[in-house]
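So the structure is just underneath, and the comments pick up after that.
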Amino acid sequence: MVSLYAEKLLNIICNDSLEEKLVCMFKKYGVSGYTILTARGEGPSGHFSDMSGFDANIVVKVILPESRMQVILESIERKIKKGHHLTVYISDVQVITPDKFEKTIR
């Protein structure tokens with residue numbers, strides 16, 4: 001049987017203009033990797049689509065240990081308090097390669 005290891009999946013939905021800031025934040029806090037997807041949909045601030053090429057939304061996905069989550073969330077909260085619109089949700093996930101998510105903070 002394959003061993004599974006508990007981790008957290010951080011999902012951030014935001015405007016693509018924040019991509020560079022988020023990537024810099026991840027590097028600052030030693031995140032080992034992330035996935036960014038184009039997103040479209042509708043919510044309280046209206047309908048978003050990448051049809052125009054402007055103001056597209058993205059979904060950023062990061063898997064990391066729970067012990068590393070707080071510092072990332074504090075940084076995201078500071079961005080929200082500065083007026084950036086981000087939707088953040090966290091899920092419990094299980095992985096078979098936990099060492100991929102254990103990069104050390106520089």
**Request:** From the list GLY30, GLY41, pick out the single residue that is in contact with a helix residue (DSSP H, G or I) (Cβ under 8 Å, 6 or more places away or on another chain) and either free of Cβ contacts under 8 Å to residues at least 40 places away in the same chain or surrounded by 13 or more Cβ atoms within 10 Å (Cβ to Cβ) (or both).
**Result:** GLY30
**Selection from region 63-106 of residues that are touching a residue at least 60 places away in the same chain (Cβ under 8 Å), not β-branched (Val, Ile, Thr) and not in a helix (DSSP H, G or I)** = HIS84, HIS85, LEU86, TYR89, SER91, ASP92, GLN94, GLU102, LYS103, ARG106
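We did not get these values from a lab; they are worked out from the coordinates using the rules stated. Note that the structure is a prediction, hence the values are computed from the model and not measured. Positions of Cβ are backbone-derived with ideal geometry, glycine not excepted, and every protein chain shown enters the neighbour counts.
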